[in-house]
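The values are calculated or read from the model by the stated rules, or taken from the named source; none is laboratory data. Owing to the predicted nature of the structure, the values given are computational and were not obtained by experimental measurement. Cβ placement follows ideal geometry from the backbone for every residue including glycine, while neighbour counts extend to all protein chains displayed. Please note that ligands, DNA and RNA were not included when accessible areas were found on the heavy atoms of the full protein model with its side chains. Shrake-Rupley method; radii C 1.70, N 1.55, O 1.52, S 1.80 Å.
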Amino acid sequence: MTFISRVLGFVRDMVAAHFFGAGFAYDAFIIASKIPNYMRRLFAEGAFSQAFVPILSEYRTQKTQPEVEQFVARVFGCLSMILMIVTIVGIVVAPLLVMLFAPGFATTDSGERLTLASHMLRITFPYLLFISLTAFAGGILNCYGRFAVPAFTPVFLNIMMILTTVILAPHLSEPVMALAWGMFAGGVIQLLFQGPFLRRLKLLSRPEFSWKDPGVRRILKLMLPALLGVSVNQLNIMLSSVFASFLAVGSVSWLYYAERLMEFPLGGFGVALATVVLPRLSRHHTKAENKHFAATLDWGVRWIMLVGLPAALGLALLAGPLLTTLFQSGQFSDYDVIASRTCLIAYSFGIMGFMLVKIFASAYYAKQDVKTPVRIAVVTVVANVLFSAIFMRFLSHTGLALATSMAALLNASLLGYGLFKRRIYQLQPGWRLLAIQLFVALSAMSAVIFIFNPSLEAWFSMSIMKRIMTLFGLIISSGLVYIVTLFLNGLRPHHVLLGKALSEGEA
């Protein structure tokens with residue numbers, strides 16, 4: 001379901017690239033959409049979910065159904081009140097927020113990008129309210145093992161933004177405003193979609209406002225210091241936009257298109273894996289099943305190696321073909337492809353860091369430890385600012401992507417070291433063999449791409465259908481070579497099943 005959503009997200013970006021390219025107007029929209037999305041990661045998938053899901057798992061295991069229903073209603077009421085206040089303030093101070101997240105807009109283009117981004121932010125900011133409550137509902141469904149519905153829900157956002165771009169944009173004086181309206185409508189539909197599924201669990205009730213509820217107070221205690229810790233990767237990416245706003249027009253867009261491709265394996269697999277792992281880790285912690293906790297964590301890391309490494313290598317080697325095939329049409333030029341290509345290569349170095357952070361952070365929050373990730377987050381953010389300031393001078397916008405990747409790797413390394421040091425994460429048997437299998441399979445995959453991948457100039461001259469067929473052939477053939485090589489080297493599906501990992505952990 002997550003994969004379907006990500007594919008439609010690419011279609012949405014392809015439509016946007018065709019209509020708006022990588023310039024003045026799209027730079028403004030990216031900032032107007034990133035601000036509520038960044039804050040949503042604080043109130044929704046980020047600190048809130050990491051605090052809410054473990055406590056809900058505990059209530060579900062140790063409390064009665066009426067107590068669970070009351071707890072959910074009170075969290076719903078308090079979260080809604082906070083979000084309403086934040087949304088109203090955000091709409092009022094929209095220009096100040098744009099200046100905070102993209103200060104370069106105020107000093108370039110006579111402030112026109114600042115004005116346009118502020119207008120769109122007043123439309124997109126309520127999305128924070130809708131999507132945060134959607135994520136709250138999704139957290140409940142995930143905790144009860146209903147993973148498909150929350151994973152499918154983003155499809156509606158992508159559909160609405162595609163429709164408004166194609167249908168509404170030609171009739172507006174500023175066509176890019178259609179994307180803002182599509183984002184608003186998509187947020188409403190996503191929230192409404194999950195209601196019936198909560199009703200089936202008997203957890204759709206009227207909100208209650210009880211700040212003194214013990215469960216609510218525990219969530220707030222865990223959530224407040226975790227605001228930085230769990231969303232550090234998003235903060236680092238947002239800092240790239242801050243720095244990019246001072247660079248040439250189009251820099252924000254080039255980073256965005258590269259980031260979207262980088263987020264395909266991250267969102268399609270990394271987020272999905274973390275979504276499944278967190279409730280399991282929470283249950284193992286509640287039941288004091290330390291060996292199962294370590295085995296589940298190791299299982300998640302192995303899957304990240306199996307999927308993340310070929311994804312990162314594939315994005316780096318096929319950066320040009322991917323950008324050319326997916327985005328080069330209409331207003332998106334050859335120059336935009338070249339400028340975005342270097343960003344994507346730089347981002348590919350950080351994919352493993354981004355993925356591992358999601359798993360390692362889940363381990364800390366399943367144990368309700370928020371202090372350690374926060375301390376590490378502070379170090380990572382400071383490092384990213386320093387990396388960005390240095391690399392931007394020599395590599396322009398590409399340096400910002402490289403700085404973000406290095407910060408992600410640093411974050412993952414520090415989180416992983418903390419888990420090893422406390423013996424929370426212990427390597428399970430078979431890692432040496434898996435490393436050899438991965439090295440041989442990745443080498444074979446790379447050889448296929450190097451041999452059969454045409455030059456970037458050849459990609460520019462291809463028709464759109466030939467680009468699609470050639471890219472599809474490269475991805476399928478190199479992917480099959482990777483999988484077959486792993487199989488020939490002895491890796492079998494049962495080696496990476498969670499049940500086997502748990503049985504070995506118990507043994």
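Worth pointing out:
- Take 165-177, 111-123 and order them by the average number of nearby Cβ atoms within 10 Å per residue, most first; the result is 111-123, 165-177.
- Distance from segment 402-422 to segment 431-451 (C-alpha centre basis), Å: 24
- Segment 351-432 - percent of accessible surface contributed by carbon and sulfur, probe 1.4 Å: 68
- Scattering curve values for segment 134-183, log₁₀ I(q)/I(0), Debye with Cα scatterers, q = 0.14, 0.16 Å⁻¹: -0.47, -0.54
- Environment charge at L323 (Cβ cut-off 9 Å; Lys +1, Arg +1, Asp -1, Glu -1): 0
- With all protein chains in place and a 1.4 Å probe, the accessible surface of segment 27-183 carries 68 percent carbon and sulfur.
- Gained length - R393 relative to F450, 0.36 nm times residue gap less alpha-carbon distance: 17.4 nm
- The residue among L172, G139, L97 whose Cα reaches farthest toward the positive pole of the charge dipole of segment 69-191, with charges on the beta-carbon of Lys, Arg, Asp and Glu, is G139.
- Residue-level accessible surface for F460, protein heavy atoms, 1.4 Å, Å²: 50
- Relative contact order of the chain: 20 percent, from C-alpha pairs under 8 Å at least 6 residues apart in sequence.
- Per-residue packing, averaged as other Cβ atoms within 10 Å, sorts the ranges 54-67, 239-252 into the order 239-252, 54-67, beginning with the highest.
- Between segment 1-44 and segment 469-499, the alpha-carbon center distance in angstrom: 30
- For the chain, the solvent-accessible area of protein heavy atoms averages 41 Å² per residue (probe radius 1.4 Å; ligands and nucleic acids excluded).
- Centre separation in Å (Cα based) which lies between segment 170-191 and segment 359-401: 32
- Helix runs (DSSP H) in the chain reaching 27 Å along axis by Cα, Kyte-Doolittle at least 1.0: 65-92, 371-421, 431-452, 464-488
- Cα gyration tensor shape of segment 13-109, rounded if a/c is under 1.5, else prolate or oblate by comparing a/b with b/c: prolate
- On the beta carbon distance between V379 and M465, with R0 = 56 Å, the FRET formula returns roughly 0.70.
- Mean shadow area of segment 177-220, taken as a quarter of the surface of its Cα convex hull (nm²): 4.8
- Sorting 415-428, 380-393, 23-36, 310-323 by average packing, meaning the other beta carbons within 10 Å per residue, from highest down gives 23-36, 310-323, 380-393, 415-428.
- For K202, the lysines whose Cα falls under 19 Å of its own Cα, not counting residues fewer than eight places away in the same chain, are K63.
- Taking the Cα centre of the chain as reference, the dipole from Cβ charges on Lys and Arg (+1) and Asp and Glu (-1) amounts to some 1620 debye.
- In this structure, the residue pairs whose Cα-Cα separation is over 26 Å, taken from K34/K421; K367/K421; K34/K466, are K34/K421; K34/K466.
- The charge dipole of segment 121-225, taken about the Cα centre with unit charges on the Cβ atoms of Lys, Arg (+1) and Asp, Glu (-1), comes to about 580 debye, rounded to the nearest 20.
- Mean separation of Cα contacts under 8 Å, 6 or more apart, over the residue count of segment 68-225: relative contact order %: 34
- Unit charges at the beta carbon, dipole of the chain: most positive-side option, A389, I123, L222: L222
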